[in-house]
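Here the structure comes first, spelled out in C-alpha cells, and everything after it is commentary.
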Amino acid sequence: MVQDRLINGEKYTFLGNNFAEAFKFLSSVKADELEEGKITVNGDAVYALVQKYSTKDPSEGALETHKRYADIQVILKGRERMDYCYAEGLTVKTPYNEEKDVEFYAMKEASRLLLEAGDFAIFLPDDAHAPKLSADAPSDVLKIVVKVAL
C-alpha cells in the first residue's frame, strides 16, 4: 500500500509502463469535466472508474482485494477514510468474482488512511482495503479509481 499526493505521482512510474500511463493520465484529469463511468486509458491494461457518492459509516464497510489489477484510488473532491490490512487470514464474505476481479471479506480492525482532495492510495493484490468510509462525518466524494493491470 502506498499513500501520497497526486502531485508526486510521477515518482511511481518505476512500478512499470502501466503505472506510468496511469499517472500520465491522472496528471491530465480535470475534476470539473468528469462524469461518472468508465474511461479507457489503454484498453484493458489501464482504465479508470469515476465515482460520486457519500461516504458511509465504517460499520457498513467491507474489505476487498483484486488479483489482476492494482487500484490507484484518487480523491478529487471531499474526504474519505480507507481501512487496509494484509489479506492473509481474512474471513471471506463473498468469494472471488473473476469477471469483476474482486473478493470481499468481513471487516476487522485495520490500519486507517484519511484521504482528502489531491491524495491517492495504491492497493496491490495482498492489500485488503475498505474504501468509501466516513472519517468523522459523511462526505460527498468525487473519486477516480484507476485499474492497472499487473
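Derivation of every value follows stated rules applied to the coordinates shown; laboratory data play no part. If you're wondering where the values come from, they're calculated on a predicted model, not measured in any experiment. All Cβ positions, even for glycine, are placed from backbone atoms using ideal geometry, and neighbour counts span all protein chains on display.
Over 27 Å between Cα atoms, which of LYS24/LYS108; LYS24/LYS143; LYS24/LYS93; LYS30/LYS67; LYS52/LYS93 qualify?
LYS24/LYS108; LYS24/LYS93; LYS30/LYS67
As a rough footprinting exposure proxy, the listed residues LYS147, LYS77 were ranked by other beta carbons within 10 Å of their own, and the order from fewest upward is LYS77, LYS147. Taken about its Cα centre, the chain carries a charge dipole of about 160 debye when Lys and Arg each add +1 at the Cβ and Asp and Glu each add -1 at the Cβ. Here the spin labels are modelled as points 7 Å beyond Cα on the Cα-Cβ line, and at LYS38 and PHE14 they lie 3.3 nm apart. Phi-derived couplings, Karplus 6.51 cos²θ - 1.76 cosθ + 1.60 at θ = phi - 60°, listed residue by residue for the range 145-150: 10, 9, 8, 10, 5, 9 Hz, with x used for Gly and Pro.
Fewest-first ordering of TYR105, TYR96 by other beta carbons within 10 Å of each residue's beta carbon gives TYR96, TYR105.
Which value in Å is the Kirkwood Rh of the range 36-101 over different Cα pairs?
Across the range 36-101, the inverse of the average 1/r is 14.4 Å.
Here LYS56 and ASP136 are evaluated by their C-beta separation; at R0 = 22 Å the FRET efficiency comes out at 0.95. Averaging 1/r across all pairs of distinct Cα atoms in the chain and inverting the result yields a Kirkwood radius of 15.4 Å. Each label point was placed 7 Å from the Cα along the Cα-to-Cβ direction; for LYS77 and GLU99 their separation is 3.2 nm. Residue by residue, the range 106-112 carries 3J(HN,Hα) couplings of 5, 5, 8, 4, 8, 5, 10 Hz when phi is fed to the Karplus relation 6.51 cos²θ - 1.76 cosθ + 1.60 (θ = phi - 60°); x denotes Gly or Pro.
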